[in-house]
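First the structure, in the form of structure tokens, and then the observations on it.
The values are calculated or read from the model by the stated rules, or taken from the named source; none is laboratory data. Because the structure is a prediction, the values reported are computed rather than measured. Because the Cβ atoms are built from the backbone with ideal geometry, glycine has one as well, and the counts that use them run over all protein chains shown. Each accessible area value is taken on the protein alone, full model and side chains, heavy atoms only, with ligands, DNA and RNA left out. Shrake-Rupley method; radii C 1.70, N 1.55, O 1.52, S 1.80 Å.
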Amino acid sequence: MAIRIGLTGGIGSGKSVVSRLLEVMGIPVYISDIETRRLMVADESIRRGLTSLLGENVYIGENLNKPLLASYLFGSAEHAAQVNAIVHPRVKDDFRLWCSARSICPWVGIESAILLEAGFRGEVDKVVMVYAPLEVRIQRAVSRDASSRELIEQRIRRQMDDEEKRRMADYVIVNDGNSPLIPQVLALISSLSKNIDYLCER
Ligand SMILES: CC(C)(COP(=O)(O)OP(=O)(O)OC[C@H]1O[C@@H](n2cnc3c(N)ncnc32)[C@H](O)[C@@H]1O)[C@@H](O)C(=O)NCCC(=O)NCCS
Ligand SMILES: Nc1ncnc2c1ncn2[C@@H]1O[C@H](COP(=O)(O)OP(=O)(O)OP(=O)(O)O)[C@@H](O)[C@H]1O
């Protein structure tokens with residue numbers, strides 16, 4: 001079985017950049033944002049759950065009504081918990097299938113801002129947190145998404161606090177714009193490789 005690396009970090013921390021580096025090194029990465037987007041349209045049980053929670057308008061033909069879902073989900077912790085309970089179990093099943101299709105790979109990764117909140121700690125062998133200071137994250141997300149500061153802060157409120165994430169992480173990669181990323185990713189792979197005997201099934 002492949003060693004599963006869970007890559008997490010708040011919105012704008014730079015997980016996608018780190019994922020791309022892992023992929024360049026030949027490590028396939030399950031990008032949760034992309035796969036979840038696919039499942040929310042294709043998976044019947046998610047469609048049923050969201051329609052019964054939010055009404056028929058949550059889909060416009062074959063497309064998800066993203067503004068409707070976003071305003072509900074990010075509006076309160078309770079709403080986020082309701083949506084997450086419909087979506088995340090199916091994402092977990094899908095990730096397990098994705099891993100079994102790659103069992104010959106020595107490593108695989110999963111990238112998710114809410115890996116720990118969504119209960120994926122038990123799905124991975126090691127948790128790697130990508131860290132950037134809050135203000136840097138906000139500025140990056142605002143310019144990447146052409147969004148407002150208020151909307152990004154609203155999403156941040158639905159995510160686990162950085163300090164808590166840091167405590168649960170096995171490794172931290174600092175992506176503050178000053179610390180170079182590539183040496184940190186190489187050091188991570190090298191450190192995980194040292195533990196390969198411990199991580200492999202005997
Ligand atoms: C609400 C939706 C439609 C907004 O779509 P949009 O294109 O604007 O944003 P996108 O999907 O690219 O998400 C951007 C970022 O928002 C944050 N985010 C998304 N969903 C969540 C969530 N449930 N809880 C906390 N943060 C979230 C993450 O940092 C994510 O990387 C979309 O995020 C969604 O369907 N979310 C629910 C499914 C989910 O939990 N996805 C996250 C898997 S990591
Ligand atoms: N070290 C860096 N220097 C400059 N810009 C960066 C750096 N790291 C990331 N960025 C930029 O910041 C933005 C956010 O990064 P990225 O999309 O990787 O974040 P993320 O953690 O995947 O966020 P999300 O949770 O929304 O998926 C992107 O536009 C990215 O190009």
Candidate set from segment 100-115 (those that are open to solvent by 20 Å² or more (accessible area, probe 1.4 Å) and over 13 Å from the mean Cα position of the chain (by Cα)); member that is farthest from ligand 1 (Cβ to nearest atom): Ile104
Test: residue in segment 64-78 that is within 16 Å of ligand 2 (Cβ to nearest atom) and open to solvent by 60 Å² or more (accessible area, probe 1.4 Å): yes
Residue tally, condition assigned to a helix (DSSP H, G or I) and either hydrophobic (A, V, I, L, M, F, W, C) or loosely packed, with under 13 Cβ neighbours inside 10 Å (or both), over segment 171-192: 11
Selection status of Val17, surrounded by 13 or more Cβ atoms within 10 Å (Cβ to Cβ) and more than 9 Å from ligand 1 (Cβ to nearest atom): yes
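Quick one: in segment 147-170, of everything that is more than 11 Å from ligand 2 (Cβ to nearest atom) and either among the small types (Gly, Ala, Ser) or open to solvent by less than 50 Å² (accessible area, probe 1.4 Å) (or both), which residue is farthest from the chain's Cα centre (by Cα)?
Top of the filtered list is Ser148.
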Filtered residues of segment 3-26 (kept if on the phi < 0 side of the Ramachandran plot, part of a loop (DSSP other than H, G, I, E, B) and in contact with a Lys or Arg (Cβ under 6 Å, 6 or more places away or on another chain)): Gly10, Ile11, Ser13
Every pair of residues 6+ apart whose Cβ atoms lie under 8 Å, when the first sits in segment 1-15 and is farther than 14 Å from Met160 by Cβ while the second is charged (D, E, K, R) and part of a loop (DSSP other than H, G, I, E, B): Met1/Glu201; Ala2/Arg102; Ile3/Asp125; Arg4/Asp125; Ile5/Asp125
Conditions (1) closer than 24 Å to Met168 by Cβ; (2) within 13 Å of ligand 1 (Cβ to nearest atom); (3) acidic (Asp, Glu); number of the one not met by Asp43: (1)
